[in-house]
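J.: Handing you this structure, nothing more for now.
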Amino acid sequence: MRSAEAMASLPAPVGLSIVVPVYRGAATVGKLVEALSVLQPAGGIEIVLVNDGSPDNSGDVCRELATTATVPLTYVEHARNFGEHNAVMSGLRVARGAYVITMDDDLQNPPEEVLKLYDHARLGGFDVVYTRYAVKEHEGWRNLGSRFANWVADLLIDKPKGLYLSSFRCMSALVVREVTRYGGPYPYIDGLIMQVTQRIASIEVKHFARMEGRSNYTLKRLVRLWLNLATNFSLLPVRLAVFAGVAMGFLGLIAALFVIGEALTGETPSGWASTMTVTLLLFGVQFLILGVLGEYVGRAFLSANGTPQGVVREVVRAEPARIAARETEPTAP
């Protein structure tokens, strides 16, 4: 059991924590923190910034924000880049709010929508509230990729039909506690959420064009995200591989019977072109099946080998309210 002095030194819980993964966000994260700091949600607010090995000076900017913060602010620094979902997991582990909102650092999600999202979850008794956009100000290929990812999620995980999986979401402390139990190297937060609760809602919010730079999501990162979803939270790819193998075997049997029939009637069996076509088709499906199985085996190996989900180099907590309170306490005569 902790002593009274140790308990007194622990940060007090708040109503709302906001977790922001930071990557190439030096130009925007300060504006975001400034806008969030003026919000007054029920129960108070804290901000958690997770620098996911950003190659720019985002770390220096975040440390400076910690020294000038007007609200409780926690800075977490990863030793290298682990990916957005891994960074969010590190932020969730230090967040102490009754509800936690995750959002990007690029100001495409308006800070003023935070209270709307928080109140909808808190007053409606929802475990998770996602956001959706009437107009999404992303590049065309990114919007197409998001729609494809959501379509894949409809197939692979148990989520409400048509629910848009946005990174701007609000979760209750219960969901955060259960999600952060996952210790594997390839987290997919939405997949973990669907394993915890179905008390989920969605609201429409504004979405702005990116103020600085360009999206950190490349095609490679999106493909990696789809693989995390497909291989960590569903056996459907393996089952599809089995079905493909059965279908190709059935077609092969039909082709064999056809060739035998031609031979029995004395006609010359089909030639080299048809043989090569069938052979290439079968080998292609076999290699596809081996690739799917290899992806599962490889990820299982890395998980068993202890590949880290994230390595935290530094955690800095700024508690301006508590500091101010100590400074105003009367001194003993």
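J.: Is it the case that the stretch 118-126 has a residue that's at pLDDT 95 or above, farther than 27 Å from ARG317 by Cβ and either among the aromatic types (Phe, Trp, Tyr) or under 16 Å from the mean Cα position of the chain (by Cα) (or both)?
T.: yes
J.: Give the number of residues within the stretch 71-121 that are out of contact with any Lys or Arg (no Cβ under 9 Å at 6 or more places or on another chain), among the hydroxyl-bearing types (Ser, Thr, Tyr) and more than 22 Å from ASN57 (Cα to Cα).
T.: The qualifying residues number 1.
J.: In the stretch 85-100, how many residues are surrounded by fewer than 21 Cβ atoms within 10 Å (Cβ to Cβ) and not in a strand (DSSP E or B)? Write out each step before concluding.
T.: The first filter runs over the stretch 85-100 and keeps only residues surrounded by fewer than 21 Cβ atoms within 10 Å (Cβ to Cβ), leaving 93-94, 96, 98.
Filter once more, keeping what is not in a strand (DSSP E or B): 93-94, 96.
Within the stretch 85-100, residues that are surrounded by fewer than 21 Cβ atoms within 10 Å (Cβ to Cβ) and not in a strand (DSSP E or B) number 3.
J.: Output the residue which, of all residues in the stretch 28-60 that are assigned to a helix (DSSP H, G or I) and over 24 Å from the mean Cα position of the chain (by Cα), is nearest to ALA87 (Cα to Cα). Please lay out each step first, then the result.
T.: So the first thing to find is which residues in the stretch 28-60 are assigned to a helix (DSSP H, G or I), and the list is 29-37, 58-60.
Now restrict to residues that are over 24 Å from the mean Cα position of the chain (by Cα): 34, 37, 60.
Details: GLU34: 21, SER37: 21, ASP60: 17 Å.
For the stretch 28-60, the residue satisfying everything is ASP60.
J.: Let me ask you something else. Which residue is modelled with the lowest pLDDT, if the candidates are limited to the stretch 140-181 and must be in contact with a helix residue (DSSP H, G or I) (Cβ under 8 Å, 6 or more places away or on another chain) and of a type in the set (S, T, N, Q)?
T.: Checking each candidate, the answer is SER167.
J.: I'm told PRO269 meets every condition in (1) over 30 Å from VAL50 (Cβ atoms); (2) at pLDDT 70 or above; (3) touching a helix residue (DSSP H, G or I) at 6+ places or on another chain (Cβ under 6 Å) except one. Can you identify the failing condition by its number?
T.: The one condition PRO269 does not meet is (2).
J.: Here is a follow-up. Determine whether the stretch 101-122 contains at least one residue that is aliphatic (A, V, I, L, M) and over 19 Å from LYS206 (Cα atoms). Show your work before the answer.
T.: First, pick out the residues of the stretch 101-122 that are aliphatic (A, V, I, L, M): 101, 103, 107, 114-115, 117, 121.
Now narrow it down to the ones that are over 19 Å from LYS206 (Cα atoms): none.
No; the residues of the stretch 101-122 include none that is aliphatic (A, V, I, L, M) and over 19 Å from LYS206 (Cα atoms).
J.: Next up: Can you pull out the residues in the stretch 101-117 that are modelled with pLDDT of 95 or more and surrounded by 21 or more Cβ atoms within 10 Å (Cβ to Cβ)?
T.: If the condition is that a residue be modelled with pLDDT of 95 or more and surrounded by 21 or more Cβ atoms within 10 Å (Cβ to Cβ), then ILE101, THR102, MET103, VAL114, LEU117 are the ones that fit.
The values are calculated or read from the model by the stated rules, or taken from the named source; none is laboratory data. All values derive from a computational prediction rather than experimental measurement. Neighbour counts run over all protein chains shown; Cβ positions are idealised from the backbone, glycine included.
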